[in-house]
1. Given the criterion of a type in the set (Lys, Arg) and in contact (Cβ under 8 Å) with a residue 60 or more places away in the chain, identify the matching residue among Lys183, Lys212.
2. Of all residues in the range 48-88, count the ones that are among the hydroxyl-bearing types (Ser, Thr, Tyr), out of contact with any helix residue (DSSP H, G or I) (no Cβ under 7 Å at 6 or more places or on another chain) and outside any strand (DSSP E or B).
3. Can you give me the number of residues within the range 89-134 that are touching a Phe, Trp or Tyr at 6+ places or on another chain (Cβ under 6 Å) and in a helix (DSSP H, G or I)?
4. Any idea which residue in the range 303-317 is farthest from Gln66 (Cα to Cα), counting only those that are buried (at least 16 other Cβ atoms within 10 Å of the Cβ) and hydrophobic (A, V, I, L, M, F, W, C)?
5. Quick one: which residue in Ile110, Ile134 is in contact with a Cys (Cβ under 6 Å, 6 or more places away or on another chain) and either assigned by TED's automatic domain parsing to the domain that holds Ala94 or in contact (Cβ under 8 Å) with a residue 24 or more places away in the chain (or both)?
6. Filter the range 410-424 down to residues that are surrounded by 15 or more Cβ atoms within 10 Å (Cβ to Cβ) and closer than 19 Å to Ile243 by Cβ, then give me how many there are.
7. Would you be able to say whether some residue in the range 377-389 is in contact (Cβ under 8 Å) with a residue 40 or more places away in the chain, surrounded by fewer than 21 Cβ atoms within 10 Å (Cβ to Cβ), over 30 Å from Ile169 (Cβ atoms) and in the same structural domain as Pro79 (by TED's automatic domain parsing)?
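The values are calculated or read from the model by the stated rules, or taken from the named source; none is laboratory data. On a predicted model such as this, the values are computed, not experimentally measured, just so you know. Positions of Cβ are generated from backbone atoms using ideal geometry, with glycine treated the same way; all protein chains shown enter the neighbour counts.
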Amino acid sequence: MTSRILRPTRRGVLQGLGASAIASGLATPALASGRPIKIGFVTPQTGPLAIFAEPDDFVLNQFRSQLADGLMINGTKHPVEFIVKDSQSSSNRASSVAQELIFEDEVDIITATSTPDTTNPVADQAELNGVPCITNDTPWQPHFFGRQGDPAVGFDYTFHFFWGLEDIIGVFTGIWDAVPTNKVVGALWPNDPDGNAWGDPNLGFPPVMAQKGYELVDTGRFQSMTDDFSAQISAFKSAGVEIVTGVVIPPDFTTFWTQAAQQDFNPKVVNVAKASEFPQAMGALGDRAEGLSVEVWWSPHHPFASGFTGQSSAELAAAYEAETGRPWTMPLGFKHSLFEVAIDALKRTEDPADPDSIASAIRATSYNSVVGPIDFSAGPVPNIAKTPLVGGQWRVENGTPILDIVENGSAPEVPLTSEIRSIV
């Protein structure tokens, strides 16, 4: 609200410059031929979410290399510049650096990824100041409704693609249904945008779990970076919990899972988003990673290819591993697709100096990316495109965690590579 009152909008500044130029008989600087196109990118390079940013440099280098000679837009070739800002895993910092990109760097389009702590504040600043914005890697409900989005109206400048809570609920319960349990589920939902959305009594897990006959044990929201999960573990043991679910940052899950072993808590199914998505975090758990399950948003098994480089999902993952010496991760595909969609929209923009023209091109996107088709006209609400989601389970071979695809009920185009198994 302070920005709305005290800070002139980017649109107002641009309009003022244009009016001044016309009045003095000068050409508007923003319409100069072949001017640089600036793409801003906000990402958590440091802090507890930094694991999401590991593929950043590889992906950015891919696009910088491919665009070294410029980007053709409406008959004119423009140099392209990527300006990267570290959110430091802080929503306040994400908002601040988004303002820097908009007012100091004067980017033409802004992008962001990696949980609502990053995407929501960045999108809010972009919408407020009339700058086109594309985000992903946040379930669409925490992103859209977390920003007070109205399904009857949508947004003017901000667009997002990812799966939704309905998809992960389907994947998780599909895994639960395949393992014989007593259907008692303990939830680890923190006090953050994801945790509050997942635990929402109307839009989150609770109503669907009740419909499917699962009993929920919810000990309440906790603060991230806690060092003691004894209360949750005690409650889960007392209630006979055999399934644990949640959305937890990697350090917190490591703490929880280590303390669970110490306190002799041995559930049959554990699928915790965020924490269980990364082979680095699983590798740190050693044999304790065996059998943990998780939603899979992208993998080398996904049957999609980049419309920008032509690489298949498997080829992109292999190229990343060969160049970095690190295992592929799910954010790799989504970082790549984020810039795929941005470049595709810029290519179709009639006037890259006009934010409305760029926003119109984004809105008209119908594009085949490395994470699947992106179509903002398909919904489920305005400005949102959905991507497929499947379920995976970790196995440990010679100390190396390997992620198998074990559930594909809502995305049969992604092939299964193994069957679901109980941890104990």
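1. Every option except Lys183 fails the conditions.
2. 1
3. Residues that pass the stated criteria total 2.
4. Phe304
5. Ile110
6. Number of matching residues: 3.
7. No, the range 377-389 has no match at all.
Table: residues versus (1) in the same structural domain as Pro180 (by TED's automatic domain parsing); (2) touching a Pro at 6+ places or on another chain (Cβ under 6 Å).
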site	(1), (2)
Lys237	yes, no
Ala275	yes, yes
Ala281	yes, yes
Ala284	yes, no
Leu292	yes, no
Ala317	no, yes
Tyr320	no, no
Thr324	no, no
